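Novice: Structure provided below as structure tokens; questions to follow.
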Amino acid sequence: MTTITKEQPTPAQAPDGGPLLQASGVIMRFGGLTAVRDVDLTVNSGEIVGLIGPNGAGKTTFFNCLTGLYVPTEGTVSYRGEILPPKPHLVTQAGVARTFQNIRLFSNMTVLENVLVGRHTRTREGLLSALIRGPRYHKAEARSRERAMEILEFIGLADKADHLSRNLPYGEQRKLEIARALASEPGLLLLDEPTAGMNPQETRATEELVFAIRDQGIAVLVIEHDMRFIFNLCDRVAVLVQGEKLVEGTSDIVQQDERVIAAYLGEPFEGAPADEGDAAVEQAEAGFGAEAEAEAGAGTRAEAGADAGIAADDAGEEQENDR
Amino acid sequence: MTDIPVAAAETAAVTTAKPSARRIAPFVPLPLTAARAVTLIGVVATIAATFMSWTYTTDFPGDLTVTGYPGGLQVLTLVSGILTGLFALGAFGLKGLRWLAPNHSHNAVLLLALGTFATTWYTVIAIAQELGGLANLDPGGFVAAVGTLVLLIGALALPIHRHPQEDPNAEYFELGRLSTVPVAVAGYKWLRELRPHHTDLPVPDPTRLPGWVQRLIITLAAAVGLEVLTYGLATGYTEIFLGFLIVVVFAIWALSASGLLRQFSGLTAAHRSFANTMGFLAALAYPFAQNDEHYANLGVNILIFGTVALGLNIVVGLTGLLDLGYVAFLGVGAYAAALVSGSPFSIWSGVQFPFWAAALTGMAASLVFGVLIGAPTLRLRGDYLAIVTLGFGEIFRIVVNSLDGVSGPKVTNGPNGISQIPDLSIFGYNLGDSHDVGSVTLGRFANYYLLMLLITVIVVLIFTRAADSRIGRSWVAIREDETAATAMGINGFRVKLIAFALGASLAGLAGTVSAHVTYNVVPSPYQFAGAAPPNSAFLLAAVVLGGMGTVSGPILGAALLYLIPEKLGFLQRYELFAFGLALVLIMRFRPEGIIPNRRRQLEFHEDETLVPGKRPLGDDTVPVSSAGA
Ligand SMILES: Nc1ncnc2c1ncn2[C@@H]1O[C@H](COP(=O)(O)OP(=O)(O)O)[C@@H](O)[C@H]1O
Ligand SMILES: [Mg+2]
């Protein structure tokens, strides 16, 4: 993979190991429902942190609180020591970029244009300079395109730059979302289930991709159901169950924790949505691989199966259509 | 929240349309040589018929009584018949004409034959109906009717590229409750299989021709376009305009079916600036090509209407904001210009701004109103903007009506408006006077046409430059998915406000010219819906029908929506009805508008494996609060 030379000296500002993102006491209530209860989470620079939990645990909601899509009922989120205003565009401007669990590309724009939109915060040209088109405008535009192509090269989509993004196969749409987020030159990247619906090879490739992103000095916070993926990848894992942070620690600690196993086995928590179809279990096993940790594997099967299975079905159809 | 993909139903529909499974079948079973012979016989008979007399009285407009010289509607039949013959010979493989069928399909022949048939039968029926009976037809009329029928039958027997056979197990959810009724399903299936299908047939790349040939083709196309347009604008009576519409619609459809249109768009994409220049020159030549003030007036009004539609296109087509009161900004510009025009009915009758200052005043006034309307509403998502703009549009008209010195302060003279607006004078060139340019006399409307053309070019430049820039991309991103756009760092409110204000000021600019062209401004045209343009509903329809987000779409849509009520007088009372019906039909069968956005350029890039209209996890209709759940 090619490397991206970063314009901003972002990694240098926060020395390795220092706290990059600090969420403290985040509470999110929707009417009577508390989706996120008093969650603290720190991501240090240079780290890959995993966020796992059953469906409906509040992981996506927590992401939305971090990125300003939701205004948390209580609690603060700070990035590089400064409190983030709950406005998505300001959060991105500050250096936190994200992807979505349900792919949200700009489907009628080309691949390249999608990435160029990601460059929005790192460019200044307004309407007037677009109309006048002076030399500065041309330079900035050329620079943006060059950077966007570099990122596409890095992600492996450069040859499809002119395709409409909605015509991309599923796996590539996920990749493009990551490329678009990278274009905003983030210091921290939030990935919401980046491998949902992917086959094992694609999942492996995504793993490599996340490592490569980390190697560029971008910290990563990733939500995922695929345990093998998470435990391979993450320096630290936090478990969210029913909106509460149950455990946090290294992969080993989390895998051994009985409460986690219980949560994933579908112990009768109130309102825990565990009955999403057993038919998909077999599908999911393919995704786990044989050498997955026995306990974790068994524990997560039902839950992850439900999700990955459905998504895998979808991906299957996708590939059929492409032929 | 919606973790489960909802696209399962969509998927079934998509898999049925595989480009690989091509079906070529005639509609009428005849051997190929027989079909070709019948087609050519039909062509010859049709052409011959146009030289005969179709009726013996001159009561029917256009004088169809002359033998040996086609007139009126006969000319349309003749042109359409000749085109059919040429395309048929090309499709049959005649050396020298093969370029007319680059995709080796007979579909274009069928469509042209249909057009010839339709326009001829329309003429014959109109003669019989208007003059009271078939007795008014001369033998020539019958020859024409039979000849075009033979032509149509021959064309129907040609091998036509059709939609692939439907999957026997396919389910048609779009039929709703009828989808369980076998008869309805069978009929629907039959209809679906009836459709011709030619869009994915490969065509040779035209850019391999020598450069000067490519330029020559573009030039010729511009000249033909101008000629056709001038002919259409100058049609003197309803019947011939309808016949003209029929021929043009089928001819354009046939051009697309033969692959020529696709090749042509490849050419214009390769020579973008040359093609733009030729288009501009063709538009510039319009007042010189015909020397009638009435048609120059039509031209000005179409340009004004088209320019405003283009401004609206920034708001609706690029940014995806629904503005239902856009015509009010045209009104603000027109009134602002009228007030500073030096008209004796203006409250500042002593003030007479030069044109550039008046134009800036109109733009600025519209801009101010745009910001005033936009600032409080654009922070909200959803339908608020539509409602507020609808209200603003009506309030504007009512307020202007009331500022007459009786119900309110005297500013606009109420319903009487501001009249006697003097003609513009630019660099000592008075647009109200006739000027001789070479052998051609440019009258008042021709002058305004040229001024308006200049403004249209400026607006087109603003549109294209803005659209293809950082700000334009952020507009489109907001249209596509506002949540994702803000998550990519776009300040939605700011960017939407810029689009809204820019759209408003462009309408204001067009309004300043419109005030001078019509000599006066009155409140009544600036309404939401009416039988004649401009009104907000027509403007919106021009954008949507023409093709959202494109440059030529709204201008074409505006031209059509302006001409059709103008030319088809008989629609009068049914006009809004017909207009609504057309809108529904277009939205059903061609939701992307007449000129589709982007895909045209992309056609040449995308490979065969493309899956149209497929979104794996569609949730763009998820309510605001559940963003990203
Ligand atoms: N906008 C919202 N309004 C009401 N409830 C919500 C909203 N967004 C999420 N929730 C609820 O919050 C809980 C957590 O959802 P989510 O964060 O999507 O879970 P996860 O991503 O862990 O699967 C769910 O019970 C969900 O229904
Ligand atoms: Mg989620």
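The values are calculated or read from the model by the stated rules, or taken from the named source; none is laboratory data. All values derive from a computational prediction rather than experimental measurement. Quick reminder, even Gly has a Cβ in these numbers, built from the backbone with ideal geometry, and neighbours come from all protein chains shown.
Novice: With the checklist (1) more than 16 Å from ligand 1 (Cβ to nearest atom); (2) part of a helix (DSSP H, G or I); (3) not basic (Lys, Arg) in hand, flag the one item A:Ile230 doesn't pass.
Specialist: Result: A:Ile230 passes all but (1).
Novice: Which one of B:Ala34, B:Ala101 is away from ligand 1 (no atom under 16 Å from the Cβ), within 30 Å of B:Glu166 (Cα to Cα), modelled with pLDDT of 90 or more and touching a Ser or Thr at 6+ places or on another chain (Cβ under 7 Å)? Lay out the reasoning, then the answer.
Specialist: Numbers: B:Ala34 fails: touching a Ser or Thr at 6+ places or on another chain (Cβ under 7 Å).
Of the residues listed, the single one that is away from ligand 1 (no atom under 16 Å from the Cβ), within 30 Å of B:Glu166 (Cα to Cα), modelled with pLDDT of 90 or more and touching a Ser or Thr at 6+ places or on another chain (Cβ under 7 Å) is B:Ala101.
Novice: When segment A:162-210 is examined, which residues are found to be touching a strand residue (DSSP E or B) at 6+ places or on another chain (Cβ under 8 Å) and free of Cβ contacts under 8 Å to residues at least 60 places away in the same chain?
Specialist: A:Asp162, A:His163, A:Leu164
Novice: Let me ask you something else. Can you find a residue that is assigned by TED's automatic domain parsing to the domain that holds B:Val75, among the aliphatic types (A, V, I, L, M) and within 17 Å of B:Arg23 (Cβ to Cβ) anywhere in segment B:108-117?
Specialist: Yes, because at least one residue in segment B:108-117 is assigned by TED's automatic domain parsing to the domain that holds B:Val75, among the aliphatic types (A, V, I, L, M) and within 17 Å of B:Arg23 (Cβ to Cβ).
Novice: Which members of segment A:233-246 meet the condition of being assigned to a strand (DSSP E or B) and closer than 21 Å to A:Glu74 by Cα?
Specialist: A:Ala238, A:Val239, A:Leu240, A:Val241, A:Glu244, A:Lys245, A:Leu246
Novice: Looking at the structure I just gave you, is A:Ala148 in the same structural domain as A:Val220 (by TED's automatic domain parsing), within 16 Å of ligand 2 (Cβ to nearest atom) and among the aliphatic types (A, V, I, L, M)?
Specialist: no
Novice: Here's something else I'd like to know. Just one of B:Asn313, B:Asn291 is touching a residue at least 12 places away in the same chain (Cβ under 8 Å), out of contact with any Asp or Glu (no Cβ under 9 Å at 6 or more places or on another chain) and under 30 Å from B:Thr377 (Cα atoms); which is it?
Specialist: Within the list B:Asn313, B:Asn291, the selection yields B:Asn313.
Novice: Within segment A:81-105, how many residues are closer than 24 Å to A:Tyr137 by Cα and at the interface with chain B (Cβ under 8 Å from one of its Cβ atoms)?
Specialist: 3
Novice: For segment B:477-491, name all the residues that are facing chain A (nearest Cβ under 7 Å), farther than 14 Å from A:Leu116 by Cβ and of a type outside the set (Gly, Ala, Ser).
Specialist: Correct list: B:Asp481, B:Thr483, B:Thr486, B:Asn491.
Novice: Which residues, counting only those in segment A:50-69, are touching a residue at least 40 places away in the same chain (Cβ under 8 Å), facing another protein chain (nearest Cβ under 10 Å) and more than 13 Å from ligand 2 (Cβ to nearest atom)?
Specialist: Correct list: A:Thr67 only.
Novice: Then there's this: Report whether or not B:Val399 is over 15 Å from B:Ser341 (Cα atoms), without any contact (Cβ under 8 Å) to a residue 24 or more places away in the chain, part of a helix (DSSP H, G or I) and of a type outside the set (Ser, Thr, Tyr).
Specialist: Criteria met by B:Val399.
One line per residue, one yes/no per condition, for (1) assigned to a helix (DSSP H, G or I); (2) within 29 Å of B:Leu201 (Cα to Cα):
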{"residue": "B:Pro70", "(1), (2)": "no, no"}
{"residue": "B:Val75", "(1), (2)": "yes, no"}
{"residue": "B:Leu78", "(1), (2)": "yes, no"}
{"residue": "B:Gly85", "(1), (2)": "yes, yes"}
{"residue": "B:Glu130", "(1), (2)": "yes, no"}
{"residue": "B:Ala135", "(1), (2)": "yes, no"}
{"residue": "B:Ala144", "(1), (2)": "yes, no"}
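Novice: Additional query: Specify the residue that is farthest from B:Phe463 (Cα to Cα); the eligible residues are those in segment B:550-575 that are modelled with pLDDT under 85 and surrounded by 15 or more Cβ atoms within 10 Å (Cβ to Cβ).
Specialist: B:Leu571
Novice: So, B:Tyr335, is that one more than 30 Å from B:Phe500 (Cα to Cα) and in a helix (DSSP H, G or I) or not?
Specialist: On the way: more than 30 Å from B:Phe500 (Cα to Cα): no; in a helix (DSSP H, G or I): yes.
In short, no.
Novice: Which of the residues spanning segment B:364-379 are over 31 Å from the mean Cα position of the chain (by Cα) and either closer than 17 Å to B:Val495 by Cβ or buried (at least 22 other Cβ atoms within 10 Å of the Cβ) (or both)?
Specialist: B:Ala375, B:Pro376, B:Arg379
Novice: For segment A:185-202, how many residues are within 13 Å of ligand 1 (Cβ to nearest atom) and part of a loop (DSSP other than H, G, I, E, B)?
Specialist: Looking only at that region, the number is 2.
Novice: Which condition number in (1) among the basic types (Lys, Arg); (2) away from chain A (no Cβ under 12 Å); (3) surrounded by fewer than 24 Cβ atoms within 10 Å (Cβ to Cβ) is the one that B:Lys496 fails?
Specialist: Result: B:Lys496 fails condition (3) only.
Residue-wise test of (1) small (Gly, Ala, Ser); (2) buried (at least 21 other Cβ atoms within 10 Å of the Cβ); (3) within 8 Å of another protein chain (Cβ to nearest Cβ).
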site	(1), (2), (3)
B:Arg444	no, no, no
B:Leu453	no, no, no
B:Ile458	no, no, no
B:Ala467	yes, no, no
B:Trp475	no, yes, no
